[in-house]
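Take a look at the structure below.
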Amino acid sequence: MNAYLSSVIEHVKTRHANEPEFVQTVEEVLSSLEPVIEKHPEYEKADLLTRMVEPERMFTFRVCWMADDGTWHTNIGYRCQFNGAIGPYKGGLRFQKNVYPGIIKFLGFEQVFKNSLTGLPIGGGKGGSDFDPAGKSDAEIMRFCQSFMQALYRYIGPDVDVPAGDMGVGAKEIGYLYGEYRRLKGAFENGVLTGKGFSYGGSLIRPEATGFGAVYYLENVLKHEGEELKGKTIACAGFGNVTWGICKKATELGAKVVTLSGPDGYVYDPDGVATAEKIAYLVEMRNSGRNVVKDYADKFGVEFHAGEKPWGVKVDVVMPSAMQNDVHMEQAKQIAANGVKYYIEVANMPTTNDALKFLMEQPGVIVAPSKAVNAGGVATSALEMAQNSERLVWTEEEVDKQLHQIMDTIYSMSVEAAEMYGLGYNLVAGANIAGFQRVADAMMAQGVF
Ligand code: 2IT
């Protein structure tokens, strides 16, 4: 590999030795940039990459809250304002037990490139807490969110940093967070958060947007192969908002999602998660706070495989849509052996780097990267910000039309970027290059800091 790129990767490995997820995403992205760095010596001259892998700012804060039984608890809150060169920092908050700086930083780094790919004016950020929402009452979640916002509100704003949801943070949490922000600021600045409820400035289609966008992207890939979505079987993981959106749109377009997964195992529904009742049940299951997918199998009388992942199921399209590093080498081999043609990442970094490389090398397997496929979520968040600043509400048709166009553009920009650098039809490298280019231009123009 190019000596400059290797030296930056080595630097990150040394400085972030205890943050393997961050090192992983930096290696993945930077390894795609070789032809760009060689064609543009000015980047190395300005040592642009060493700055790009360092967050502009990252901080922690104490979040104390009282449980219903009167006991006090202290969690750590995080916000990583990774790169603001092309717009206010933008990215979700993740509330999950395993959250630590390495998770926030990897998500923040991915977000920089993803947000750039949308073509919209949003920089990259991420945040969250090691708070575990599982089994917490509404009142506990509200007190936690209020305390979290008391610590964070000074450092965010509609033109500064605009958090949203991620795992463990949905419309309910965003509501509590916004209520506290409004109370502290004494102003209705609802562009400070996205993923809000519709009644106070949320965008129509935002809840569906990540899943819908992923299906629109998939349609582009299928079209390239002369195929269509109709009649395809899809294996999904997870059963949150993203998977729900995929089920809705895939069903509408005549495809079938046949697997869902949770921490307890996976379900196989050969008829597809394809009726309004089944799709609605996903939301109910997620809102129950139980965090188990077996409930679906019990309710609809389908197979449940305890403790297993769905990657052994024979399908046309695999869409890992649950969490990071869900697909390792062993599962990648299984997927390839099953003759799966389309490997469409949806969750942030769902594939280990060796598994991703393996799948990309399989003849006949097309791999699409999550930072492009799931970008419809944050893109629609940017559309929510636009509506908030215009003080207007766009129709469902308008938002969906823009989302669809954005996904088509992300796809074609990725294809063109890879072709321009002689990499052929490589959606992974293309997304990294296209995302990089815009941020790099903006950083070069704004001087060294
Ligand atoms: O990973 C992501 O892009 C998100 N969690 C959504 C971020 C956003 O600001 O809507």
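The values are calculated or read from the model by the stated rules, or taken from the named source; none is laboratory data. None of the values given here were measured: they were computed from a predicted structure. Positions of Cβ are generated from backbone atoms using ideal geometry, with glycine treated the same way; all protein chains shown enter the neighbour counts. Protein only, heavy atoms only, side chains kept; ligands, DNA and RNA dropped before computing areas. Shrake-Rupley method; radii C 1.70, N 1.55, O 1.52, S 1.80 Å.
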Of the accessible area of region 3-47, computed with a 1.4 Å probe and all protein chains kept, carbon and sulfur make up a percent value of 49
Applying the gyration tensor rule to the Cα atoms of region 70-195 (axes a ≥ b ≥ c; rounded if a/c under 1.5, else prolate if a/b exceeds b/c, else oblate), the class is oblate
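Determine the per residue accessible area of the chain with all protein chains present and a 1.4 angstrom probe, expressed in square angstrom.
39
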Among 194, 260, 160, the residue whose Cα sits farthest towards the positive end of the charge dipole of region 124-271 (+1 at Cβ of Lys and Arg, -1 at Cβ of Asp and Glu, taken about the Cα centre) is 160
Of 199, 31, 261, ordered by accessible area with the largest first and a 1.4 Å probe, the sequence is 199, 31, 261
Between the residues 133, 115, 381, the Cα farthest towards the positive end of the dipole of the chain, that dipole coming from +1 and -1 charges on the beta-carbon of Lys, Arg, Asp and Glu, is from 133
Classified through the alpha carbon gyration tensor (a ≥ b ≥ c as square roots of its eigenvalues; rounded if a/c is under 1.5, else prolate when a/b is larger than b/c, else oblate), region 217-278 comes out prolate
Region 354-392 and region 16-37 have their Cα centres apart by a whole-number Å value of 18
Note on region 283-371: C-alpha Rg/Rh, Kirkwood Rh, two decimals, gives 1.01
For residue 314, counting only lysines whose alpha-carbon sits under 20 Å away and dropping same-chain residues fewer than eight positions off, the answer is 230, 232, 256, 333, 341
Once all protein chains are kept in place, residue 51 shows an accessible area at probe 1.4 Å, nearest 10 Å², of 50
Heavy-atom accessible area of region 163-216 with neighbours in place, 1.4 angstrom probe: carbon+sulfur share in percent works out to 54
For region 209-282, listing trypsin sites (Lys or Arg not before Pro) in a DSSP loop whose Cβ sees at most 13 other Cβ atoms within 10 Å gives 230
For the residue 303, residue 66 Cβ pair and Förster radius 25 Å, calculated FRET efficiency rounded to 0.05 is 0.05
Rounded to whole angstrom, the alpha-carbon centroid of region 199-237 lies from that of region 394-419 at a distance of 11
Expected unfolding gain across residue 50-residue 334 under the 0.36 nm per residue rule, minus the alpha-carbon gap, is 98.5 nm
To the nearest 20 debye, the chain has a Cα-centred charge dipole, built from +1 on Lys and Arg Cβ and -1 on Asp and Glu Cβ, of 820
Once 15, 286 are ranked on solvent-accessible area with the largest value leading and a 1.4 Å probe, the list reads 15, 286
Rounded to the nearest 10 Å², the accessible area of residue 42 using a 1.4 Å probe with every protein chain kept is 80
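Starting from the Cα gyration tensor of the chain, multiply each eigenvalue by 5, take the square root, and state the resulting semi-axes largest first in whole Å.
Semi-axis lengths for the chain are 30, 29, 21 Å.
Rounded to the nearest 20 Debye, what is the dipole magnitude of region 135-265 about its Cα centre when Lys and Arg each give +1 and Asp and Glu each give -1 at the C-beta?
Magnitude of the dipole: close to 300 debye.
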Taking R0 as 35 Å and r as the Cβ-Cβ distance between residue 325 and residue 416, the FRET efficiency 1/(1 + (r/R0)^6), rounded to the nearest 0.05, comes to 0.70
With label points set 7 Å from each Cα along the Cα-to-Cβ direction at residue 74 and residue 252, the distance between them in nm comes to 4.8
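Just the projected area, averaged over all directions, of the convex hull on the alpha carbon atoms of region 158-247: how many nm²? Could you put the intermediate results ahead of the total?
Values: hull surface 30.0 nm².
Computed as one quarter of the Cα hull surface, the answer is 7.5 nm².
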Taking protein heavy atoms only, a 1.4 Å probe, and rounding to whole percent, the accessible area of region 322-449 owed to carbon and sulfur comes out at 55
By the C-alpha gyration tensor axes a ≥ b ≥ c (rounded if a/c is under 1.5, else prolate when a/b exceeds b/c, else oblate), the shape of region 382-446 is oblate
Looking only at lysines whose Cα falls under 28 Å of residue 39's and that sit 8 or more positions away or on another chain, we get 13, 114, 357, 371
So residue 27 and residue 171, fully extended at 0.36 nm per residue minus their Cα-Cα distance, gain in nm 48.5 nm
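Once the piece of chain linking residue 271 and residue 57 is laid out straight, how much longer is it, given 0.36 nm per residue of separation minus the C-alpha distance between them?
Taking residue 271 through residue 57 to full extension adds about 72.2 nm, to one decimal.
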Ignoring ligands and nucleic acids, residue 217 exposes an accessible area, probe 1.4 Å, in Å² to the nearest 10, of 0
